[in-house]
Amino acid sequence: MGDRRRGVQDADIRLGAAIRSRRKELGCTLVQVAADTGLSHPFLSQVERGRARPSMRSLFLIAESLRTTQQAFLAEAAPSAGGVRLEQGTDQVVDSVRLLDHYEAGADVTERVVRTEEFEDYFSHARREFVYVVSGTIEVELLVEPEKPAVHELGPRDSIACPGRAKHRHRRTSPDPALVLIVHSGPPA
């Protein structure tokens, strides 16, 4: 097995262990998390054992159920040395997202490759979100009022920020995937 593949498997195992640890800390069962998230009990079991990798949507649902954030799980799964974090590879990629930095009391920085051309389900979380487009173009849809979405097209070097609990989603509009940096700031919910 190659070093890269082993590194990815190790990251999956650490992510699963972080999820299991948080679930047990809260006294929840897999059945409860499955009911909360709409994900299957067997899938969640596979994730916790590092045998399946959740999409960012699934990780979001799991994190919401366990009253934490996707970034907190990714940070716990990432190796660090004395508070210093150096990202040089893509071993920590989950669903085209890579955690670049996690500061539990303040902010998380993630890199996302936006591949989807269709809008997926909305995200809504307690923390403020700032999106900066590095390359490509994306549309960001904000559901400011129930029946009245606002759609913003962003190209390279454009950015948008939205408050916590605002429903939002992204899709690419460029021929190739778009690369964006996302900063979530403020204390975790």
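Restricting attention to region 112-140 and to residues that are buried (at least 18 other Cβ atoms within 10 Å of the Cβ) and of a type in the set (D, E, K, R), the residue that is nearest to the chain's Cα centre (by Cα) turns out to be ARG112.
The single residue among THR29, THR37 that is under 25 Å from ILE182 (Cα atoms) and of a type in the set (S, T, N, Q) turns out to be THR37.
Flag not set for VAL93, criterion: modelled with pLDDT of 90 or more and not hydroxyl-bearing (Ser, Thr, Tyr). Checking the conditions here, which among LEU181, LEU143 is touching a residue at least 60 places away in the same chain (Cβ under 8 Å), surrounded by fewer than 18 Cβ atoms within 10 Å (Cβ to Cβ) and over 19 Å from GLU117 (Cβ atoms)? Exactly one of LEU181, LEU143 is touching a residue at least 60 places away in the same chain (Cβ under 8 Å), surrounded by fewer than 18 Cβ atoms within 10 Å (Cβ to Cβ) and over 19 Å from GLU117 (Cβ atoms), namely LEU181.
The values are calculated or read from the model by the stated rules, or taken from the named source; none is laboratory data. These numbers were taken from a predicted model, which means no experiment stands behind them. Reconstructed Cβ throughout: ideal geometry from the backbone, glycine too, with neighbour counts over all protein chains shown.
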